[in-house]
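Below is one structure; the comments refer to it alone.
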Amino acid sequence: MQLTMRQTHSIKQVITYSLLVLWTLICLFPIYWVVITSIKLPIAVFQGPKYIPWVDFQPTLNAWNFLLTGPTSAAVYRSWINSFILATTSSAIAVLLGGMAGYGLTRFHYHWPILNWRNNDIAFYVISQRMLPAVVVIIPYLIMFRVLSLIDTHQGMILAYTVFNMPFAVWIMRDFFQGLPVDLEESALIDGANRFQAFRHIVLPLAAPGFIATFLFCLVFTWNDYLFSLMLTFSRASTLPMFIAGEGTQSYGPQWWYLSALSLLSIAPMILITLFVERYITRGLVVGAIK
Amino acid sequence: MANAASTAAGTAAPRPTLHKVTPKRDRAASYAFLMPTVLLILGLSVFPLLFSFALVFLSWDLSRLEGGIRFAGLQNFVTLFNDTRFWNTARVTVIFVLASVTLQYFLGLALALLLNQDIKGRRFFRVAFLIPMMLTPAAVGYVGRMLFNESQGPINDLLQRVGLPNIPWLSNPTMALPSLILLDTWEWVPFMIIVLLAGLQALPPEVFESARVDGAGEWYIFRHITFPMLAPVSITVIVIRALEAFKLFDIVMVMTGGGPGTATETVTMYAYTVGMKNGNLGYASALAYSLLVMVIIFTTLFINTTRRAAQAED
């Protein structure tokens, strides 16, 4: 039977949408699984897979109660707050300093005679640091932080995360400033403003979307980091991922309902960011990768 | 690695400039803008890198901060060369990188092509597809452990329902690495989708139109137009993902802990164990540097091979 063009087209449509929906399910099912596991009783976990609350199993808030009011709750709150403070502070610093460097790299001509480096070489020097496996720099950090008494402190972690985020911040912001017209700054400069005033009053407001995108990007990186926290903190400044990873190694075996609720404390803010500012994240990703 | 940068930097747009040379009155300002970043990176990234390199030639016992340091020459390299546990971690890491990045690239490309059509609800799909890569890897490790759980997990349950045998995902040494690859793929296909989709959307539409007018089939267009034109973006995403995959640490720590035995232990994990748990900083640095060498070898080989393939195509 010969298919008409219309029929081939609609068959293609059905296949396209089926595949897209299938992948959506694959993306979302694991998250659904964590959510329902967090409202299961231990018995509903051990009896084998149960899928639908109220139908397959009776939901309960026991795990959430334990998580938020139980004996470990103080440590949970502390790690959550640490994660929040470290991620927001280090991202803000990285974006501000990285943004300034990105601005400099697009507005001035640098030439370092001894190395014979110009703007592009400096930009490459910065971004190349992002390609290093983190473990290479973390081992010296252990020693440096000991000597400077920065182990397990907020200051130390903010410093480490700022440097970790900076290459990316410079890279994205540089691209952003390349797209900004210079006329406004130029006229401000002609009107007698100095460079910093022009940056503060003209460039910053114009570049706000770029700063937000970069900030969110750094925030996600920092919030999700485990290696730095594991190596450089042990209690006072330790973060949520470190607490999460540590809770699964208890001698009495993993308590999935509790671990699920705990994981959600870390995952949920990231899902919210994705839902509300997907555009910014996508933009940051694309610029970071292609440009 | 220098090649990777030139591919990445080569596409930078011409920048708007005020003057050909930075005028004198801006000299101080220009350095005030740039230097905080340059110095921070110098002090906390370049210096540690060199420090780490010096450590490779030392035997430094962390448990004794004073007196624990001794010059060891090439001893750490000799140990490394004869260390079967290291070679196993290197093998695990390389297999992991090759398999997961390949899988992620082709899945990502397929999904990006699907999304790059005139479809309804594209924004919904984009958001849903982005979510996995935003999630905390330590938490994702638990998700993997639950999903792959052999008796309580939904994956084996699903296999059983369609009449397939149960698979010992995490308890069997040969299956643990594939499980890890699948989980990592779940988390990182989003990156491929998003960047490849942006790459597809940036291709000039006229080329495709004229090919269609000439009667070219879909497959022909993909094979001879889309795929070659997308190559620079493909190479970039593959290199970025591979650089990240070489560092594999968090999901594997939580999902398998490197086990069963050392079946899924990666180089970063081993360096962590040697450095933190055993306090042997010199050897840990040698392990970390071996990872850096692997990364450089891989990137150079990959970029040269693809470049040669692209030239052969022309």
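Starting from residues that are over 29 Å from A:Y103 (Cβ atoms), in a helix (DSSP H, G or I) and without any contact (Cβ under 8 Å) to a residue 24 or more places away in the chain, keep the ones in segment A:140-172 and report whichever is nearest to the other protein chains (Cβ to nearest Cβ).
The qualifying residue nearest to the other protein chains (Cβ to nearest Cβ) is A:P140.
Starting from residues that are touching a residue at least 24 places away in the same chain (Cβ under 8 Å) and at the interface with another protein chain (Cβ under 10 Å from one of its Cβ atoms), keep the ones in segment B:98-120 and report whichever is nearest to B:V237 (Cα to Cα).
My answer is B:L107.
Check segment A:277-284 and report whether any residue there is in a helix (DSSP H, G or I), under 23 Å from B:F129 (Cβ atoms) and in contact with a Gly (Cβ under 7 Å, 6 or more places away or on another chain).
no
How many residues are more than 7 Å from chain B (Cβ to nearest Cβ) and in a helix (DSSP H, G or I) when one looks only at segment A:1-16?
11
How many of the residues in segment B:169-181 are free of Cβ contacts under 8 Å to residues at least 40 places away in the same chain and either under 22 Å from A:L285 (Cβ atoms) or touching a Ser or Thr at 6+ places or on another chain (Cβ under 9 Å) (or both)?
Qualifying residue count for the region: 1.
Is it the case, given these coordinates, that A:I85 is hydrophobic (A, V, I, L, M, F, W, C) and not in a helix (DSSP H, G or I)?
Judged against the criteria, A:I85 is not a match.
Among the residues of segment A:126-135, is any crowded, with 24+ Cβ neighbours inside 10 Å and part of a helix (DSSP H, G or I)?
Yes, some residue in segment A:126-135 is crowded, with 24+ Cβ neighbours inside 10 Å and part of a helix (DSSP H, G or I).
If you go through segment B:200-211 one residue at a time, do you hit one that is within 11 Å of another protein chain (Cβ to nearest Cβ) and touching a residue at least 60 places away in the same chain (Cβ under 8 Å)?
yes
Go over the candidates B:A284, B:A263, B:A312 one by one and state the one that is at pLDDT 90 or above and in a helix (DSSP H, G or I). Show your work before the answer.
Values: B:A263 fails: in a helix (DSSP H, G or I); B:A312 fails: at pLDDT 90 or above.
Result: B:A284 is the single residue among B:A284, B:A263, B:A312 that is at pLDDT 90 or above and in a helix (DSSP H, G or I).
Please enumerate the residues belonging to segment B:51-105 that are in contact with a helix residue (DSSP H, G or I) (Cβ under 7 Å, 6 or more places away or on another chain) and charged (D, E, K, R).
B:R85, the sole residue that qualifies.
Yes or no: A:R107 in the same structural domain as A:M242 (by TED's automatic domain parsing), more than 30 Å from B:M269 (Cα to Cα) and touching a Gly at 6+ places or on another chain (Cβ under 8 Å)?
Here the answer is no, as A:R107 does not meet what is asked.
Kindly indicate whether A:V203 is within 11 Å of chain B (Cβ to nearest Cβ), closer than 17 Å to B:A29 by Cα, touching a residue at least 12 places away in the same chain (Cβ under 8 Å) and assigned to a helix (DSSP H, G or I). Don't jump to the end; show me each part of the working.
On the way: within 11 Å of chain B (Cβ to nearest Cβ): yes; closer than 17 Å to B:A29 by Cα: yes; touching a residue at least 12 places away in the same chain (Cβ under 8 Å): yes; assigned to a helix (DSSP H, G or I): yes.
In short, yes.
Inside segment A:32-59, can you point out the residues that are within 7 Å of chain B (Cβ to nearest Cβ) and either among the aromatic types (F, W, Y) or in contact (Cβ under 8 Å) with a residue 40 or more places away in the chain (or both)?
Answer for segment A:32-59, where residues must be within 7 Å of chain B (Cβ to nearest Cβ) and either among the aromatic types (F, W, Y) or in contact (Cβ under 8 Å) with a residue 40 or more places away in the chain (or both): A:W33, A:V34, A:T37, A:V45, A:F46.
Looking only at segment A:173-196, decide whether some residue is under 27 Å from the mean Cα position of the chain (by Cα), within 23 Å of A:M270 (Cα to Cα) and more than 8 Å from every other protein chain (Cβ to nearest Cβ).
yes
The values are calculated or read from the model by the stated rules, or taken from the named source; none is laboratory data. Source: prediction; values computed, not measured. All Cβ positions, glycine included, derive from the backbone under ideal geometry; neighbour counts span all protein chains shown.
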